[in-house]
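Computed from the coordinates by the stated procedures, all read-outs in this text should not be read as laboratory data. These numbers were taken from a predicted model, which means no experiment stands behind them. Neighbour counts are summed over all protein chains in view; Cβ atoms, including those assigned to glycine, are modelled from backbone coordinates with ideal geometry.
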Amino acid sequence: MYLGLAWHFWDTRWRRRTPATGLRPWERGAILVALGIHGALLYSQIFAAAELRFGFAQALSVMMGLAVLICWIEGIFYRIELVYPMALAAAALCAPLPAFFSGRASPDPVSFEFRLHLFFGMLAYSLFVVATFACTPRAQRHRAAHGWRGRCAMCRHCSPWSASCFV
């Protein structure tokens, strides 16, 4: 699902360079369904499992899932459609990694608090990922019409990394 959505956003937002109108309801729902499936799989592997298996594959999968979630939430308030192709494509690459790389099992029982600590650590890295995606050359080129802060003077609909205001 992530890969299909990434192609859709690349085709409609990047390649055709159509003005940003925000996410359509079906796009918002499709992203949410993909996030739900991804989240359920990660939950079963990290939080619900008796032993903690965690490695680079699980870390990348969690980070990219959270990055897409952050974009989805941010998309409610700001127009950030240009970020979706990169975030969804990266999530498509990282989501299946835990199936191929199982990670190391913890020899000791791991508390819920430690698992929560891992989650918040991955959330912090996800914020860096979203910021990196927002700094693409096309986004930077578009923002240079808006000034250093990224908001245009004509509207309040732009986020600092939206790169999608056509006013």
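Points to keep in mind about this one:
- Loop trypsin sites (Lys or Arg not before Pro), the stretch 10-115 (other Cβ atoms within 10 Å of the site Cβ: 14 or fewer; DSSP): Arg16, Arg17
- For the stretch 2-136: rounded, prolate or oblate by the Cα gyration tensor [a/c cutoff 1.5]: prolate
- When His8, His117 are sorted by how many other C-beta atoms sit within 10 angstrom of their C-beta, beginning with the fewest, the order is His117, His8.
- As a length-normalised measure over Cα pairs under 8 Å and 6 or more apart, the relative contact order of the stretch 2-136 settles at 36 percent.
- With neighbours defined as other Cβ atoms within 10 Å of a residue's Cβ, the residues Asp108, Asp11 order from fewest to most as Asp108, Asp11.
- For the stretch 2-136, size of Cβ-based charge dipole, Lys and Arg +1, Asp and Glu -1, in debye: 480
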